[in-house]
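The values are calculated or read from the model by the stated rules, or taken from the named source; none is laboratory data. All values reported here derive from a predicted model rather than from experimental measurement. Cβ placement follows ideal geometry from the backbone for every residue including glycine, while neighbour counts extend to all protein chains displayed. Only protein heavy atoms, including side chains, enter the accessible area calculation; ligands, DNA and RNA are left aside. Shrake-Rupley method; radii C 1.70, N 1.55, O 1.52, S 1.80 Å.
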Amino acid sequence: YSNLGLILAYTYFQWPLMMLLMLPAVQRFRQQWREAAASLGATRSQFWRWVGIPILLPPIIGGAALLFANAFGAQATAFALAGGALNLVTIKITFLVKGQTDFNPGLANALAVEMTIVLAIAVVIYQYTNQRA
């Protein structure tokens, strides 16, 4: 019922989604790249530093942006775990619309617009990095 519990719950259901997002990038990874680096005298760490990570970095950043958008918009998990104890945007909007703490639909609308902007930025980052990958 704390921030740590919420982080653990989100990590538990976001981890498999990240694996699904990274699977196409890992499948495109070619064994020839590793062999070429080895034939040029590169060590394993040099291969990952100069070849592997730069190839996988755009899908990692894009997947992280998409998972951020997914977690940012998820309200049910946070509300089920903590009720109103955590100060999250989605829970705040719910309380402002339902009037459980105070009824202020204007503030709820403003928070929803800001949330939409943040989510749109995350989706644009995902699309950009997906095109680069």
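Could you check, for segment 102-114, whether at least one of its residues is open to solvent by 80 Å² or more (accessible area, probe 1.4 Å), within 18 Å of the chain's Cα centre (by Cα) and not aromatic (Phe, Trp, Tyr)? Within segment 102-114 (the criterion being open to solvent by 80 Å² or more (accessible area, probe 1.4 Å), within 18 Å of the chain's Cα centre (by Cα) and not aromatic (Phe, Trp, Tyr)), the answer is yes, since at least one residue qualifies.
All of 89, 124 fail the test of being aliphatic (A, V, I, L, M), open to solvent by 80 Å² or more (accessible area, probe 1.4 Å) and within 30 Å of residue 60 (Cβ to Cβ), apart from 124. Which one is nearest to residue 78 (Cα to Cα), of the residues in segment 1-26 that are at pLDDT 90 or above and open to solvent by 80 Å² or more (accessible area, probe 1.4 Å)? Of everything passing the filter in segment 1-26, 15 is nearest to residue 78 (Cα to Cα).
For segment 65-86: of the residues being under 19 Å from the mean Cα position of the chain (by Cα) and outside any helix (DSSP H, G or I), which is surrounded by the fewest Cβ atoms within 10 Å (Cβ to Cβ)? Per the criteria, the residue is 75. Residue count for segment 7-64, restricted to those that are part of a loop (DSSP other than H, G, I, E, B) and among the small types (Gly, Ala, Ser): 2.
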